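Here the structure comes first, spelled out in C-alpha cells, and everything after it is commentary.
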Amino acid sequence: MPSKNTIRKPGYSGVELSVPDARRVRSTKAGVVERVALTTREPPLYSAPVKAFARSGPSRTGSTVTPSPLGPLARVALLVQPHLDEVERRITQQTAAFDPAIEGYVTYAVGGRGKRLRPLLALLAGGATGEINSGHLDLAVIVELIHVATLVHDDVLDEAERRRGRPTVNARWGNSLSVLLGDCLFAHALNLSTNFENADISRAIARAAREICSGEMIQTQRRFDLKLEVDDYLRIVEKKTGSLFSTAAELGARISEADPGVIETFRNFGMRVGKAYQIYDDCLDIAGTESATGKTLGTDLRKGKFTLPVLIFLRSASEFERERYCSLILEGKCEEMTELLRNSATNGALNESIAAGSDLIREAQTGLDVIPQNPYGDALLALGGALREMFDHLRV
C-alpha cells in the first residue's frame with residue numbers, strides 16, 4: 001500500500017524545503033513514487049551550544065501558563081490531536097533550515113507553544129471537505145510560522161516583556177535582533193509556501209502576510225488618534241488578524257479540492273472567527289490577568305491602541321467625560337482607564353464588545369449550514385462554541 005505521505009491529489013507538491021541536497025522523491029519497494037511533505041526532513045542534529053541556548057528560557061512544563069487539557073479549545077483539538085502533534089514536530093524541525101548562528105533564536109521563538117488556533121482551523125477545514133493530508137499539515141506549519149513572526153514583531157512594538165509564560169525575544173535580546181528574527185520567520189514561511197504546485201496557494205499566503213503587515217502599519221499610524229471610529233478598528237482587525245484565519249480555512253478547503261462556493265464559505269468563516277478572536281484578545285488585555293495568560297497585559301492603552309472596548313466606552317460618554325477620559329489616556333494614566341473599563345457599574349463597553357465578538361462567531365457558525373455534516377465540520381462549530389465560552393469568562 002502507498003505510504004501515508006503519498007500524494008493522491010494534484011495541487012500539492014511534496015517537496016522537501018529545508019534540505020537543499022535532499023532527494024525530492026523516493027522509490028518504495030512496491031514501485032510507488034512517494035513524495036515527501038514540504039516541511040518534513042530528518043531530525044536536526046543541534047550542536048550542544050545551540051541546544052543549551054534554546055533551553056535558556058523556561059521549559060513548557062515549567063511555564064507560568066499551564067493550559068488545562070480539558071479547556072474549551074483543547075476539547076475541540078482532540079479530534080485532530082495526532083495531526084497537531086505532527087505539525088508541532090514539523091515546526092520544531094524547521095529551525096534546522098536556518099544558519100546555525102541564528103538557529104537558537106528561532107528555536108526559542110517557536111518553542112513557546114501557543115493555542116495553535118490557525119493550524120487547528122486549517123486542519124479542521126481540510127477534514128470537513130476531504131481527507132487531511134500532508135498538504136494540510138504543511139499549510140498548518142506555514143500559517144503558524146507567520147503568526148509567530150507577527151508575535152515577535154508585536155512584542156517589539158508593544159515593548160512586551162512576557163509571552164506564553166516566558167520572556168519575549170525582545171526582552172532577552174533586544175529590539176534590533178527581534179525585528180530581524182521576525183523578518184526571517186516571515187521569509188521562511190513564504191519560502192515554504194512556494195513549493196505548493198498550485199501557485200494560487202502560495203499567492204494567497206503571500207497576500208495574507210501583506211495584509212497582516214498593512215493592518216499593523218495602519219494601527220501604528222493611528223495610535224493615540226482620538227478620531228478613530230469602530231469601523232476603522234474593524235478594518236484594522238480584518239487585516240491584522242482576520243486575514244490569516246481566513247487564509248487558513250480557505251486553503252484548508254482548497255487543498256481538499258472543494259468546490260469554489262465551499263472554499264468561499266470557509267474563507268468567510270475564517271474571517272469572522274479571526275475578527276472575533278482579535279476582539280477577544282483586546283478584551284483580555286483589559287479584563288485578563290498576567291498570571292493566567294502568561295503575557296504582558298495592558299499594552300494596548302499604554303501604546304495608544306484604541307480597541308473596541310475603549311471606542312465603545314468613549315462613544316457612550318458625554319462630551320465632558322470623553323474629554324476627561326482622553327486626557328487620562330494621553331497622559332499615560334492607563335490604570336485608571338482600565339479600572340473604568342472593568343467596572344460594569346460605570347459602563348457596559350466591555351460586555352458590549354464581548355457581545356459583538358460572540359455575534360461574529362454565531363454568524364460564522366450559521367454560514368456553515370451549507371456544508372455537509374461530518375465530525376470535522378461539527379468540530380468547527382464546536383470551535384466557535386469554545387471561543388464564545390472564552391468570551392463569557394471575561395464578562396463583568
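Run the accessible area of the range 245-324 with a 1.4 Å probe and give the carbon-and-sulfur part as a rounded percent. Let's see the in-between values first.
Numbers: 1310 of 2900 Å².
Ligands and nucleic acids excluded, carbon and sulfur reach 45 percent.
I'd like the accessible area for Ile255, computed on protein heavy atoms only with a 1.4 Å probe and all protein chains in place. Round to 10 Å², please.
Surface accessible to solvent at Ile255 totals approximately 10 Å².
Starting from the amide H of Arg162, placed 1.01 Å from N in the peptide plane, find each other amide H under 5 Å away whose residue is 5 or more places distant or on another chain.
When sequence neighbours closer than 5 places are left aside, the close amide H contacts are Thr168, Thr296.
Can you list which of the GluC sites (Glu not before Pro) found in the range 70-171 are DSSP loop residues with at most 16 other C-beta atoms within 10 Å? If you can, show how the numbers build up before the last one.
Numbers: sites: Glu86, Glu88, Glu103, Glu131, Glu144, Glu159, Glu161; in loops: Glu131, Glu159, Glu161.
Sparse-neighbourhood loop GluC sites (Glu not before Pro): Glu131, Glu159, Glu161.
Loop-only check: which chymotrypsin sites (Phe, Trp or Tyr not before Pro) in the range 221-324 are DSSP coil with at most 16 other Cβ within 10 angstrom? Walk me through the numbers on the way to the answer.
Values: sites: Phe224, Tyr233, Phe245, Phe266, Phe269, Tyr277, Tyr280, Phe306, Phe313, Phe320; in loops: Phe224, Phe306.
Loop-located and lightly packed - Phe224.
Arrange the residues Tyr325, Tyr105 by how much accessible surface each exposes, largest first, with a 1.4 angstrom probe.
Largest to smallest exposure gives the sequence Tyr105, Tyr325.
Enter the accessible area per residue of the range 197-322 (Å², integer; probe 1.4 Å; all protein chains in place). Walk me through the intermediate numbers first.
On the way: 5150 Å² over 126 residues.
For the range 197-322, the solvent-accessible area averages 41 Å² per residue.
What are the ³J(HN,Hα) values, in whole Hz, obtained from phi via the Karplus relation 6.51 cos²θ - 1.76 cosθ + 1.60 with θ = phi - 60°, for each residue of the range 371-376 in sequence order, with x given for Gly and Pro?
The phi angles translate into 8, x, 6, 7, x, 6 Hz.
How much of the accessible area of the range 326-383, probe 1.4 Å, is carbon plus sulfur, in whole percent? Please report the intermediate quantities before stating the final value.
On the way: 1420 of 2820 Å².
Its accessible area is 50 percent carbon and sulfur atoms.
Where the centroid of each part is defined by its Cα atoms, how far is the range 190-222 from the range 152-166 in Å?
For the range 190-222 versus the range 152-166, the Cα centre distance is 22 Å.
The values are calculated or read from the model by the stated rules, or taken from the named source; none is laboratory data. Only a predicted model underlies this, so the values are computations on that prediction, with no experimental measurement involved. Positions of Cβ are backbone-derived with ideal geometry, glycine not excepted, and every protein chain shown enters the neighbour counts. All accessible areas refer to the heavy atoms of the entire protein, side chains included, with ligands and DNA or RNA removed. Shrake-Rupley method; radii C 1.70, N 1.55, O 1.52, S 1.80 Å.
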